[in-house]
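J.: Below is one structure. I have some questions about it.
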Amino acid sequence: MLTSILEQLINGLRTGSIYALIALGYTMVYGIAKMINFAHGDIIMVGAYTLYIGIALLHLPVIPAMILTAVVCSVLGVLIEKIAYKPLRKAPPLAVLITAIGMSYFLQSMALLIFSSTPIPFKSVINLETVQIGSVHISGITIITLLVTTITMVALTLFINKTRAGSAMRAVSEDRGAAELMGINVNKTISMTFAIGSALAAVAGILYICQYQSLRPTLGALPGIKAFVAAVLGGIGSVPGAMLGGIVLGIIESLAKAYISTELADAIVFGVLVIVLLVRPAGLLGKKKLVKV
Amino acid sequence: MAILKVTDMAVNYGMIQAVKGISFEVEEGEIVALIGANGAGKTTTLHTVTGMIPAKSGKIEFDGADITKVPAHKIVSMGLAHVPEGRRVFAQLSVLENLKMGAYTRKDKEEIERSLANVYQRFPRLEERKAQLAGTLSGGEQQMLAMGRALMSHPKMIVMDEPSMGLSPLYVSEIFKIIQEINASGTTVLLVEQNAKKALSIANKAYVLETGKIVLSGDARELMNDDSVKKAYLSE
């Protein structure tokens, strides 16, 4: 029993850390550009297909294929912002939201046109033996996922808190106008945020596809929406919140699947969101906005 | 020589013409006050000068360069800093991080350290609280931080928007004293204030704005004794 719970917790941690990586993109973009980038989930899909193209069609070695994936996703993220969102910088939030949803469908439709709706099987590029600690089995992909997400999150936290560019991001996220008065180029900072968020989505996409091993144009939609839930759960705009929200969500989902019902797992996950938001409207680590006049 | 020269500047704010073709000059080393009632266009004027809002027409020259179309984030490094209305310190950043943001465009680490030492000397309170989040400071301390942050860019000129707003009388006097000190150390100041009496008492020159137009200008002391100014802005 204990072994089984431990294994489920570790599974949850694995799924959760992938959600967390994606949630970071939502929360950082929200913090800086004050918008929900609903096309963010589809960046994962683009990442997965890029990895497939790199390995199966271009016959690249694994590491260069992964780097290609990260670069393609970053460039795509920046382009999406420049083409679709930047012209709407001063538009009402609803217009931006609808554009983001449109962008999401656009990316899915493009993938549908290019790759058709038939799922493409994909063999994991991460091949590591399952490790046994006591009676607990941990798969290789789980170990890699946990390792990669931990390193990524530590690096991101250091970047945001210790570098000049990182403090520019924090300044823009808090007060765009005041940041401009400091000499910060807000457009550049927004581009950088989209690039980083999309690179994180690429990492998530690689880990995700190595686990699910099947490519479909809609593969980014569900992890995308769950990661969005994770970001809101943790407190949208908060970086530690996105990390916590993702992991909490993954663990709840994993435990619900194992001990309650596979079919109900998603309903339980979204139910938890509703309850948390009723009790803490700003999310677990979100701050209530103090308005000083 | 005028360090700032604004000629026929008009600004639209949405559908409304907030500033209707104004001209004014700030000489190097001066304190110039821009006074007027709420909605007269004072803040809009400052925002346009530092590139936060585009001018609809007219010309803005700073330190010999035409800055009419220069975006806000490039103006700081030209030597023009802006202390915005309501202070707008970065509440979630520490006092020290706020000050460092002020030096964002500067590269020379040693010179930045020197500026930081100067700011701490002028505002000992900020040094005491350097690790504290800016949002936890009192209003007066936040105003000092906003000023210190502007000084960190080592500006030739600072524009200040309502620095005394919302402060206790004790702090108001202190802030005005500090403005004079900053000016005495060689920084030109353009000051927007609703506290016209205090502003005129430290300014060399002043302009009176009314519904987007300059209606009166001249020596600050003379304006203080002007009947219409007394009646409109100095009654208590």
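No value in this document is a laboratory result; all are computed from the given coordinates. Because the structure is predicted, anything quoted here is derived from the model rather than measured. Heads up, the Cβs are rebuilt from the backbone with ideal geometry, glycines too, and the neighbour counts pull from every protein chain shown.
J.: Under the Karplus relation 6.51 cos²θ - 1.76 cosθ + 1.60, θ = phi - 60°, what is the ordered set of whole-Hz ³J(HN,Hα) values for segment A:160-166, x standing for Gly and Pro?
T.: 5, 8, 10, 9, 4, 5, x
J.: Still on this structure, I have one more. Among residues other than A:LEU156 whose Cβ falls under 13 Å from its Cβ, what is the net charge (Lys/Arg +1, Asp/Glu -1)?
T.: Computed value for this residue: +2.
J.: Rounded to the nearest 0.05, what FRET efficiency is calculated for B:GLU174 and A:VAL71 with R0 set to 56 Å and r the Cβ-Cβ distance?
T.: Once rounded, the FRET efficiency stands at 0.55.
J.: In nanometres, what is the gap between the two model label sites at B:LYS74 and A:LEU88, each 7 Å from Cα along Cα-to-Cβ?
T.: 2.9
J.: Taking only C-alpha pairs under 8 Å that are 6+ residues apart, what is the relative contact order of chain B in percent?
T.: Reported as a whole number, the value is 27 percent.
J.: How many angstrom lie between the C-alpha centres of segment B:95-129 and segment A:51-125?
T.: 43
J.: Using a Förster radius of 41 Å, what is the FRET efficiency between B:GLN17 and B:GLN121 based on their Cβ-Cβ separation? Nearest 0.05, please.
T.: Computed FRET efficiency for B:GLN17 and B:GLN121 comes out at 0.40.
J.: Okay, next question. Counting pairs of alpha carbon atoms under 8 Å apart in space and at least six apart in sequence, what relative contact order in percent does chain A give?
T.: 37 percent.
J.: May I ask for the distance between the Cα centers of segment B:62-80 and segment A:190-211, given as a whole number of Å?
T.: 37
J.: Mind listing which GluC sites (Glu not before Pro) in segment A:126-233 are in a DSSP loop and have 14 or fewer other Cβ atoms within 10 Å?
T.: Those satisfying the criteria are A:GLU129.
J.: Using 18 Å as the cut-off for backbone N distance, which residues of segment B:11-25 belong to the label zone defined by a point 7 Å from the Cα of B:SER57 along Cα→Cβ?
T.: So the set is B:11-24.
J.: Hey, got a sec? Which trypsin sites (Lys or Arg not before Pro) in segment A:192-293 land in a DSSP loop and have at most 11 other Cβ atoms within 10 Å?
T.: Values: sites: A:LYS226, A:LYS257, A:LYS287, A:LYS288, A:LYS289, A:LYS292; in loops: A:LYS287, A:LYS288, A:LYS289, A:LYS292.
Within segment A:192-293, the qualifying trypsin sites (Lys or Arg not before Pro) (loop, at most 11 other Cβ atoms within 10 Å) are A:LYS288, A:LYS289, A:LYS292.
J.: Let me ask you something else. Filter the GluC sites (Glu not before Pro) in segment B:65-116 down to the DSSP loop ones having no more than 13 other Cβ atoms within 10 Å, then list what survives.
T.: Of the GluC sites (Glu not before Pro), not one in the loops of segment B:65-116 has a Cβ with at most 13 other Cβ atoms within 10 Å.
J.: Also: Antiparallel DSSP bridges in segment B:2-233: what percent, to the nearest 5?
T.: 55
J.: Show that you can apply the helix-only estimate: for the protein assembly as shown, add -39,500 (n - 2.57) for every DSSP H stretch of four or more residues, divide by all residues, and state [θ] at 222 nm to the nearest 500.
T.: Details: 21 runs with 291 residues, N = 529.
The helix-only estimate for the protein assembly as shown comes to -17500 deg cm²/dmol at 222 nm.
J.: Rank these for me by crowding, B:MET78, B:MET157, going from fewest to most other beta carbons within 10 Å.
T.: B:MET78, B:MET157
J.: Tell me, what is the FRET efficiency for B:ALA131 and A:SER117 to the nearest 0.05, using R0 = 45 angstrom and their Cβ-Cβ distance as r?
T.: For R0 = 45 Å, the calculated efficiency reads 0.20.
J.: Given Cβ point charges of +1 (Lys, Arg) and -1 (Asp, Glu) and nothing else, what value in debye, to the nearest 20, does the dipole of the protein assembly as shown about its Cα centre take?
T.: 480
J.: Now for a separate question. Take every DSSP beta bridge whose two residues both sit in the protein assembly as shown, then give the antiparallel share in percent to the nearest 5.
T.: Details: 28 of 47 bridges.
Bridges in the protein assembly as shown are about 60 percent antiparallel.
J.: Let me ask something else. For segment A:1-33, list residues with backbone N below 15 Å from a point placed 7 Å from the Cα of B:GLN92 toward its Cβ?
T.: Within reach of a label on B:GLN92: A:24-33.
J.: Label segment B:2-79 by shape, choosing from rounded, prolate and oblate, from the square roots a ≥ b ≥ c of the eigenvalues of the Cα gyration tensor; if a/c is under 1.5 it is rounded, and otherwise prolate applies when a/b is larger than b/c, oblate when it is not.
T.: oblate
J.: So what's the gap between the Cα centers of segment B:14-43 and segment A:228-293, to the nearest angstrom?
T.: 49
J.: Can you give the charge dipole size of segment B:2-233 about its Cα centre, rounded to the nearest 20 debye, using +1 on the beta carbon of Lys and Arg and -1 on the beta carbon of Asp and Glu?
T.: 460
J.: Full extension from A:ALA56 to A:LEU264: what is 0.36 nm times the residue separation minus their Cα-Cα distance, to one decimal in nm?
T.: Working: separation 208, 0.36 × 208 = 74.88 nm, distance 3.60 nm.
The A:ALA56-A:LEU264 span can extend by a further 71.3 nm.
J.: How do A:LEU156, A:LEU207 line up, fewest other C-beta atoms within 10 Å first?
T.: Final ranking by Cβ density, sparse to dense: A:LEU156, A:LEU207.
J.: If each residue of separation counts as 0.36 nm, what is the full-extension length gain between A:ILE5 and A:SER214 once their alpha-carbon separation is subtracted?
T.: Taking 0.36 nm per residue and subtracting the Cα distance, the gain is 72.5 nm.
J.: Among A:VAL279, A:VAL75, A:VAL148, which one shows the biggest mean-square fluctuation in a GNM of chain A, springs joining Cα atoms closer than 10 Å?
T.: With Cα springs under 10 Å in chain A, the top fluctuation among A:VAL279, A:VAL75, A:VAL148 is at A:VAL279.
J.: Can I ask one more? Which one of A:LEU128, A:ILE209, A:ALA39 is farthest out on the positive end of the charge dipole of segment A:20-219, using unit charges on Cβ (Lys, Arg +1; Asp, Glu -1) and the Cα centre as origin?
T.: Result: A:ALA39.
J.: Considering only lysines 8 or more places apart in sequence, or on different chains, count the pairs in segment A:20-219 whose C-alpha atoms sit under 17 Å apart.
T.: Here the count comes out as 8.
J.: How high is the relative contact order of segment A:150-232, in percent, with contacts defined as C-alpha pairs under 8 Å that are six or more residues apart? Walk me through the intermediate numbers first.
T.: Details: 24 pairs, mean separation 11.0, N = 83.
Here the relative contact order equals 13 percent.
J.: Taking only Cα atoms and a 10 Å spring cutoff, compute GNM fluctuations for chain B and point out the largest among B:THR211, B:THR43, B:THR188.
T.: B:THR211
J.: Using a 7 Å offset from Cα along Cα-Cβ at B:GLN194, what residues in segment B:143-184 end up with backbone N under 18 Å from the label point?
T.: B:143, B:160-173, B:175-176, by backbone N distance to the label point.
J.: With +1 on each Lys and Arg Cβ and -1 on each Asp and Glu Cβ, and nothing else charged, work out how big the dipole of segment A:20-219 is about its Cα centre, in Debye to the nearest 20.
T.: Result for segment A:20-219 is approximately 420 debye, rounded to the nearest 20.
J.: Can you pull the one-decimal nm distance between simple spin-label points at A:ASN127 and B:GLU111, each 7 Å off the Cα toward Cβ?
T.: For A:ASN127 paired with B:GLU111, the spin-label model returns 5.8 nm.
J.: Which of rounded, prolate or oblate describes segment A:20-219 when judged by the alpha-carbon gyration tensor and an a/c cut-off of 1.5?
T.: Numbers: a/c = 2.32, a/b = 1.41, b/c = 1.65.
Judged from the Cα gyration tensor, segment A:20-219 comes out oblate (a/c at least 1.5, b/c at or above a/b).
J.: Let a ≥ b ≥ c be the square roots of the eigenvalues of the Cα gyration tensor of the protein assembly as shown; is it rounded (a/c under 1.5), or, if not, prolate (a/b larger than b/c) or oblate?
T.: prolate
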